[in-house]
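Undergrad: Can you read through this structure? Questions will come right after.
Read-outs throughout are calculated quantities, based only on the coordinates presented, and are distinct from any laboratory measurement. Just so it is clear, the model here is predicted, and its values are computed rather than measured. Note that we place each Cβ from the backbone using ideal geometry, even for glycine, and neighbour counts take in every protein chain shown.
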Amino acid sequence: MAGPWWRQCRRWTTNSSAASLFETLCRFSSRSASLSSSTPGRPSWSSVAGKAVSFFLLFLRFSGHREGSASQFLYPTLQSCCCRTIHSDAKPKDPFTLAQKDLTSLYDDIKKELFVSKEELKSLCDYYFDGKGKAIRPMIVVLMARALNIHSNRAGDLIPGQRSIAMISEMIHTASLVHDDVIDGSDKRRGKKTINDVWGERKAILAGDFILSAASMALARIGNNTVVKVLSQVIEDLVRGEFMQLGSKENENERFKHYLEKTFKKTASLIANSCKAVSILVNSDPEVHEIAYQYGRNVGIAFQLVDDVLDFTSGANHLGKPSAADLKLGLATGPVLFACQQFPELHAMIMRRFSSDGDVDRAWQYVLQSDGVQQTNYLAQRYCEEAIRQVSMLRPSPERDALIKLTELVLTRDK
């Protein structure tokens, strides 16, 4: 036999000729292993770090950037960008505060896009655009746009197309939530009843479709074919990701790769491609586009990993949706997949999608008894570190530093 997959990952990394963050992580992992001792019955932190890094490397090995090779993704060359990797000396401003000016009218602008004379359809479409959402996606897009404008020797203020992309990102995201709630049969979202619970599934589906159509019209008005292509990819990824979520993999290696690819398509693709879209409008350098894309990709995956952890660590009232929701839907997320290494009994439950009596409760207990939550948090941290590495290549600015600070908020959020 070739040996466990994580050893193969480390061997693959060691044999690479170029130095990278990922090799540094592996060296850190092996170095900490010699410095720490395990508590009986509980894996050491170095063990957790090693496994999480290995999953990170596994995903990068098999995926890479969708438009390039894995080697280009792991070892990008940016000589032509005139990029700097130092941070500003000033304390980074709060990302929400810095983006607030450009987000003040966000929901009003969306409601104008969704204006219809039929009162019931208007109520359906406006339901989640009440200003109570986190607006994480448009905030990231706004900050990235302003950072890229400064990097490209422009004024920091948004141009109209960039502002539209921020709005479109929130519209696509919300439409996907409406459809997800129908598919999952959810009755609670953002602390209130879902659209499908209030108006029924048929009207909810139509409302989601209408929001997507309005987003498409706004996208067309930007008048840039490349931007249209980039953001159209998001909608394709959302559908493919939903189909991936309906299936599972027998093999452990394939199962985690499947999970991370699904996570990218359902969550990170929107952030990554929106960041790339705002870069296209102000800079012709593909390597700058890649920086924006990779920041969004890594932050997006980290955001979803933390979300999967919160399903086990936060109460339903705090989350605004039921806890253990993923298990009840038959989904094996990061904490479960990591826990499966310590509790092989989870394998059969995963394959039958926790459908037998008592599966959800037993799986919940196995996860809490394992280091699955800890490992998933560590993996999210690795993705955030890569996001920081990417965005630090842009010219220093308050917005760039706010994007760096945002990674900390992603990791420490509790809802």
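Undergrad: Taking +1 at the Cβ of each Lys and Arg and -1 at the Cβ of each Asp and Glu, which of Thr97, Ala302, Gln233 sits farthest along the dipole of the range 49-412 towards its positive end, judged by Cα position relative to the Cα centre?
TA: Thr97
Undergrad: 7 Å from Cα along Cα→Cβ at both Gln100 and Asn225: what's the point-to-point distance in nm?
TA: Here the answer is 4.3 nm between the modelled labels.
Undergrad: Let me ask another. For a quick protection proxy, order the peptides 186-195, 154-163 by their average other-Cβ count within 10 Å, most packed first.
TA: Numbers: 186-195: 17.5, 154-163: 15.9.
Those peptides, ordered most packed to least, come out 186-195, 154-163.
Undergrad: Extending each Cα 7 Å along its Cβ direction at Lys134 and Arg202, get the distance between those two points in nm, one decimal.
TA: Distance between label points: 3.5 nm.
Undergrad: If I model a spin label at Glu250 and Ala325 as a point 7 Å from the Cα along the Cα→Cβ vector, what separation in nanometres do I get?
TA: 3.3
Undergrad: What lysines does Lys265 reach when the alpha-carbon gap must be under 19 Å and sequence neighbours fewer than 8 apart in one chain are set aside?
TA: Lys229, Lys249, Lys257, Lys276
Undergrad: Can I ask one more? Quick one: net charge of Lys112's neighbours, Cβ under 12 Å, K/R +1, D/E -1? Present the calculation step by step, with values, prior to reporting the outcome.
TA: On the way: positive: Lys111, Lys122; negative: Asp108, Asp109, Glu113, Asp126.
For residues surrounding Lys112, the net value is -2.
Undergrad: Could you size up the charge dipole of the range 106-163 around its Cα centre, putting +1 on the beta carbon of Lys and Arg and -1 on that of Asp and Glu, and report it in debye to the nearest 20?
TA: Values: 10 positive and 8 negative charges, 52 e Å.
With Lys and Arg at +1 and Asp and Glu at -1, about 240 debye.
Undergrad: Applying a 10 Å radius around every beta-carbon, put 305-313, 97-105, 271-279 in order of their mean neighbour count, most first.
TA: Values: 305-313: 21.9, 97-105: 15.7, 271-279: 30.0.
Ranking, from highest mean packing down: 271-279, 305-313, 97-105.
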